[in-house]
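The structure appears right after this line, and notes come after that.
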Amino acid sequence: MNSLSVKHLVGIRDLTKEDINTIFTTADSFKQVINRPIKKVPSLRDITIANLFFENSTRTRLSFELAQKRLSADVINFSASSSSVKKGETLLDTVNNILSMKVDMVVMRHPNPGAAMYLSKKIDAKIINAGDGTHEHPTQALLDAYSIREKLGSVKGKKVVIVGDILHSRVALSNIYCLQKLGAEVMVCGPATLIPKHINELGVLVSHNLKEALEWCDVANMLRIQLERQNELGYFPSIREYAMSFGLNKQLLDSLSKEIIVMHPGPINRGVEITSDVADSNQSIILQQVENGVAIRMAAIYLLASDIGR
């Protein structure tokens, strides 16, 4: 069994290029598994995994749960909204109580940046970060890059623009790290109010003109406007005005001088960052991203579990 250079999957920043490629080649084999009549393998039959979601999530939680069950792991689901966290219990106490039930791995989403890193230093179980605040979302970045590799043959040398709410997005940061490690050029595009001030220090290009950004790129990754993180501070005049300036519609897509690939991490605000006729078009690989998410998460779980019990 191959393994990774890290004990936990806390962020893309900690992974080597070799780690990413190992995850991709492992995902290739798991993709064959999930497309056959019997979609399960007994690889993790003796492993118990706890999914701890301190923030609401449907797609990511279901994708992880499906990946775990495809690997034959035992799965515990924990939702903070119906837990003792509401009664004032600390994160560490909550996790230690769960670990006392002999859990081997924890998949955690948490609103606080650094929560997964904190936990990885405090407990023995393996940690996978399923999103920590506005910090990182490593498995989303891995499945996005994997989907580009699948569609274009390679990530190296490709031009990828990430459009939208960069300021509040953990997906954007993880994507930047992952794409750069694989040799892609990265641009961010959005209103100046939604672009972090010093993001160019990460080696990315910055644009405030969607048409120019789309003409530059091979791949456009359209991010959701995260209204729940913006605290009604008025980062742009209105949703309608945002959609007019930074929303991708079919007319704009068809006006480009070349055909580009369109991605979206979901959930989609149809008619805001992307219109339905773009999301459902031949240039969109959004549903492939969803399918690849299960294979990538199977690969990450499998590789991290390789030395459990040794």
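In straight-distance terms, cross-link reach from Lys181 covers every one of the lysines whose alpha-carbon lies under 18 Å from its own, apart from those fewer than eight places away in the same chain; here that gives Lys17, Lys156, Lys158, Lys159.
Take every DSSP beta bridge whose two residues both sit in the chain; close to 5 percent of them are antiparallel. From largest to smallest, the equivalent ellipsoid semi-axes obtained for the chain from the alpha-carbon gyration tensor read 33, 23, 17 Å. Compute the Cα gyration tensor for the range 92-181, then decide on rounded, prolate or oblate, letting a ≥ b ≥ c be the square roots of its eigenvalues: rounded whenever a/c is under 1.5, prolate when a/b is larger than b/c in the other cases, and oblate in all that remain. Verdict is prolate for the range 92-181. Solvent-free Debye calculation, one equal scatterer per alpha-carbon of the range 138-285: log10 I(q)/I(0) at 0.14, 0.15 Å⁻¹ equals -0.60, -0.69.
Each of Ser57, Ser100, Ser245 was scored by other Cβ atoms within 10 Å of its Cβ. Arranged with the fewest first, they read Ser100, Ser245, Ser57. Taking 0.36 nm per residue of separation and subtracting the current Cα-Cα distance, fully stretching the chain between Lys17 and Ile239 would add 76.1 nm. Placing a pseudo-label 7 Å from each Cα along the Cα-to-Cβ vector at Gln32 and His198 gives an inter-label distance of 4.7 nm.
The GNM of the chain, with springs linking C-alpha atoms under 10 angstrom apart, assigns the highest mean-square fluctuation among Ile162, Ile239, Ile286 to Ile239.
Global size of the range 1-73: 13.6, 37 Å for Rg and Dmax (C-alpha atoms, Rg to one decimal, Dmax whole).
If you line up the long axis of helix 59-70 against the longest principal axis of the chain, both from Cα atoms, how many degrees apart are they, to the nearest 10? Between the helix axis and the principal axis of the chain, the angle is about 40 degrees. Between Met263, Met105, Met244, the residue with the greatest mean-square fluctuation in the GNM of the chain (Cα pairs under 10 Å linked by springs) is Met244.
Placing pseudo-labels 7 Å out from each Cα toward the beta carbon at Thr25 and Ile308 gives an inter-label distance of 2.4 nm. Take every Cα pair under 8 Å whose residues are at least 6 apart in sequence, average their separation, divide by the length of the chain, and the relative contact order is 21 percent. Extension gain, Asp124 to Val6: 0.36 nm times the residue separation minus the Cα-Cα distance gives 41.1 nm. Only helices enter this figure: runs of n ≥ 4 DSSP H residues, each worth -39500 (n - 2.57), summed and divided by the residues of the chain, yield -11000 deg cm²/dmol at 222 nm to the nearest 500. In terms of surrounding Cβ atoms within a 10 Å radius of their Cβ, Tyr302, Tyr118 rank from fewest to most as Tyr118, Tyr302.
Could you work out how much longer the chain between Ser100 and Arg59 gets when fully extended? Use 0.36 nm per residue separation minus the Cα distance between them, nm to one decimal. Don't skip to the end; give the middle numbers.
Working: separation 41, 0.36 × 41 = 14.76 nm, distance 2.80 nm.
Between Ser100 and Arg59, full extension yields 12.0 nm more.
Springs join every pair of Cα atoms under 10 Å in this Gaussian network model of the chain, and among Gln140, Gln68, Gln283 the largest mean-square fluctuation is at Gln283. Using the Karplus relation 6.51 cos²θ - 1.76 cosθ + 1.60 with θ = phi - 60°, the per-residue 3J(HN,Hα) values for the range 198-212 come to 10, 5, 5, 5, 7, x, 9, 7, 10, 9, 10, 10, 4, 4, 4 Hz, with x marking Gly and Pro.
Amide H contacts of Asp218: Lys159, Val160, Val161, each under 5 Å away and 5 or more positions distant or on a separate chain (H built 1.01 Å from N in the peptide plane; Pro and chain starts excluded). Neighbour counts of C-beta atoms inside 10 Å place Arg170, Arg36 in the sequence Arg36, Arg170, starting with the fewest.
Classify the range 3-43 from the C-alpha gyration tensor, please: rounded if a/c falls under 1.5, else prolate or oblate depending on whether a/b exceeds b/c. In terms of gyration-tensor shape, prolate.
Bear in mind that the values in this text are calculations on the coordinates, not laboratory data. Every value quoted in this text rests on a predicted model; they were computed, and no experiment measured them. Quick reminder, even Gly has a Cβ in these numbers, built from the backbone with ideal geometry, and neighbours come from all protein chains shown.
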